[in-house]
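The structure appears right after this line, and notes come after that.
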Amino acid sequence: MNKTIIVSNRLPLQVSINDDELEVTPSVGGLATGLKTVHKDGNGIWIGWSGLTSEELNPELEAKVNDAVTKEQCVAVNLTQKDLDLYYYGFSNRALWPLFHYFIEYTEYNTESWEVYRSVNQKFADKVLEHAVDGDKVWVQDYQLLLVPAMVKAKKPNISIGFFNHIPFPSYEIFRTFPKRKELLEGMLGADLIGFHTYDYERHFLSSVKRILSLEVNFNKVTYNNRIIKVDSFPMGIDYEKFEQAALDHDKMNEDEKSEIQKRLDQHLQKEDGVKMILSIDRMDYTKGIPNRIKAFEYFLKKYPQFQEKIRLIMLAVPSRSQVPQYQKLKQETDELVGRINGEFSTVSWTPIWYFYRALPFQNLIDLYTSSDVALITPVRDGMNLVAKEYIATRTREDGVLILSEMTGASKELNEALLINPFNNEEIADSIKQALEMPKPEQQQRMQALQKRVSRYSVKKWANEFMNSLNQVHKVYQIIEAKKVENSDIDTFKAKIKSKEKKLLFLDYDGTLVNFTKQPENAKPDQELYAILEKLNAIDSLKIVIISGRDKKTLNEWFGHTPYTLVSDHGVSMRLENEDWKMIERLKTDWMEDVLPVLETFVDRTPGTLIEKKKYSLAWHYRNTDLELAQKRLVEIRTVLTSFISNTDLTLLEGNKVLEIKSSKVNKGRAASNLADHFPAEHIFAIGDDWTDEFMFEELPEKAHTIKVGVRKTKAKYYVNSVENVRSLLKTLAE
Ligand code: ADP
Ligand code: G6P
């Protein structure tokens, strides 16, 4: 039975040693808590770090750790102390975490931690490769493992790989500052499906892919290394029922079943009428906006003193990554701020902030969620924020108000919360007041809407949608794929090429026989190409046709001396061996003087683009420009030109990073099928890479062996990956 392999830095459980005994505790953080349910449901395995380093383990302990994790359907990856320092604390949390959360000034890059990040990613990939068999699905999680998808894909290309980024993906302007930007993107693109929490992160990622790797992106599909990669957004949810049920059970508790924390909370709440509690829960992380929140709360107490002694902020912060200096500074700053404010406002019977710096058991989280009238969640940047959703799920009486930062991924779905800008104290203070004074009916109205949404899009649904989409990506990929040319096909082709019967071989030029270059005039044929063609041409009764979008002059310069049939301008003119060029179609060119100035205005406004003036067509090349800008311009250009060419026989043809305006009477399909009629051949072969070659694939007789260069939607029957593959195929045929 096929299985799903989840891969994440941390396993959903953490192992530690206490008095020589192993202690197993659940991991905190959105990722571990979120995926736990999914993993338990299936027959899959979860690969990750156990929480202990190799140095802490002897063989006996290691066996115990393995036992403990195996019981939970997990597989441990062993990390050394150095790995932990440089991969986890170093590259992941001192470079990537701040970079992706827009804290460029905290981002520290050094080569050593990069090298270790790479080698640890390889360790994870190797573990995956050890356990994965064809048909399995691998689902890699988060920024600690950005290189794993490509590492797995390189060794096992037939396994479907998904990658989910649980943190924001920053805008291109931020991402581009990072020295290893290219390597990170290439690592992620090893996946077949890449998921983000929000459309904004998806958009930022695609923009970086376009601009940094110059890859072709169509809507949300990236073509890379002859694969199509889908990028999509899947907002992660929570195990709604678990939180809801826990809250319902909590309601039914009698006095002796209550926790110490609950008793203290009750004491405060029962003190007098109008007493309320505001809750915040996060990992102690500078992205969570903890100092902002405390300062805004202080401002609130000053601006609205009537709430003093009535309300209390309960702030729960879980220790996190405490070996990273920025986290230590934050802890210190938080301690000082809480101390100062409590010092300033406390009275004999009241302290404004109750501050806990520790992880709490699930039951206590429920105590806090269910007892708090307001949740105040103010990250300055947060991929999703599950705490906001958990608060909603526990409000079984449909009351309570959520104040939520608009910088969280969750804010995109939770519109009925009071959304705030975490940098605006005034707004936060006013929202706290609004929340505390909000009439019950309004609270209920908002809460019902929030609950409806959060319960519908649960973590299970999130994972299912992701996995379904991963299945689809693979299917689509197979549907559009022509058959890859394999050795057995080459043998068949060769037998036909070497037969006594007549043969026709149509070859497109750019992107088929030679690779694209920055300037079209630089893509001249090289000696190797001439030699291959010459050898092919020596085969009896084989006619070579070079059929190109290039103009007569260029083809003449490059192939005039050869006996091959040349077809220029996508089929406008033709030259047979020992003959002069002839026009296949009579064409007018007077339209050019009207269209040229229009194209020129686009060139002026789109640096890096250029116009190629051919005898019968005009081409706008945008290979060397910012592809995002080019795509915008393409839409504009199409709109302008479409109205320009209506009622003419002109048409717009989109090639590989080029838009061409030409007569609709001409295309390679017409030219190729004319030739096939004039030179009846038993065997026909046609190779091309481009949109324009599709006409040829379509219009040649059914028996033709049509071959596309590159993996794209095509009418061709076969495909090869690259120009290099075309050359080696031709070489083999000529042998
Ligand atoms: P992040 O993933 O950045 O830590 P999230 O809000 O998405 O932030 O997820 C935090 C997860 O950790 C939630 O599921 C929450 O219940 C859990 N959690 C937060 N604080 C504690 C705590 N003190 N003790 C136990 N679990 C906690
Ligand atoms: C965030 C990250 C997770 C990480 C969690 C806890 O949710 O997206 O990948 O596991 O924080 O952080 P930690 O460094 O303790 O694993």
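The values are calculated or read from the model by the stated rules, or taken from the named source; none is laboratory data. The shown structure was predicted, so the numbers you read here are calculated from the model rather than taken from an experiment. Here Cβ is always computed from backbone atoms with ideal geometry, including for glycine, and neighbour counts include all displayed protein chains. Ligands, DNA and RNA are stripped out before the accessible areas are found, and what is left, the full protein with its side chains, is counted by its heavy atoms. Shrake-Rupley method; radii C 1.70, N 1.55, O 1.52, S 1.80 Å.
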**Asked** What do you reckon, is Ser119 more than 16 Å from ligand 2 (Cβ to nearest atom), closer than 25 Å to Ser469 by Cβ and polar (S, T, N, Q)?
**Response** no
Q.
Would you confirm, using the coordinates I've provided, whether Asp239 is more than 16 Å from ligand 1 (Cβ to nearest atom) and over 26 Å from Leu634 (Cα atoms)?
A. no
| said: Kindly evaluate Val567 against the criterion of being part of a strand (DSSP E or B) and open to solvent by less than 30 Å² (accessible area, probe 1.4 Å). | reply: yes
Filtering the stretch 97-126 down to residues that are in a loop (DSSP other than H, G, I, E, B) and either open to solvent by less than 10 Å² (accessible area, probe 1.4 Å) or not assigned by TED's automatic domain parsing to the domain that holds Ser50 (or both) yields His101
Ala388: passes all of (1) in a loop (DSSP other than H, G, I, E, B); (2) within 16 Å of ligand 2 (Cβ to nearest atom) but (1)
If we keep only residues of the stretch 437-452 that are open to solvent by 70 Å² or more (accessible area, probe 1.4 Å) and touching a residue at least 40 places away in the same chain (Cβ under 8 Å), then the residue farthest from Gln306 (Cα to Cα) is Gln448
Restricting attention to the stretch 129-169, the residues that are within 16 Å of ligand 1 (Cβ to nearest atom) and in a loop (DSSP other than H, G, I, E, B) number exactly 6
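Within the stretch 621-735, considering only strands (runs of 3 or more DSSP E) that don't extend past its boundaries, which have at least 3 residues that are touching a residue at least 60 places away in the same chain (Cβ under 8 Å)?
658-663, 683-688, 705-709, 718-720
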Taking the stretch 393-419 and keeping only residues that are outside any loop (DSSP other than H, G, I, E, B) and within 16 Å of Met438 (Cα to Cα), one is left with Val401, Leu402, Ile403, Leu404, Leu418, Leu419
The number of residues in the stretch 332-379 that are touching a Phe, Trp or Tyr at 6+ places or on another chain (Cβ under 7 Å) and within 16 Å of ligand 2 (Cβ to nearest atom) is 0
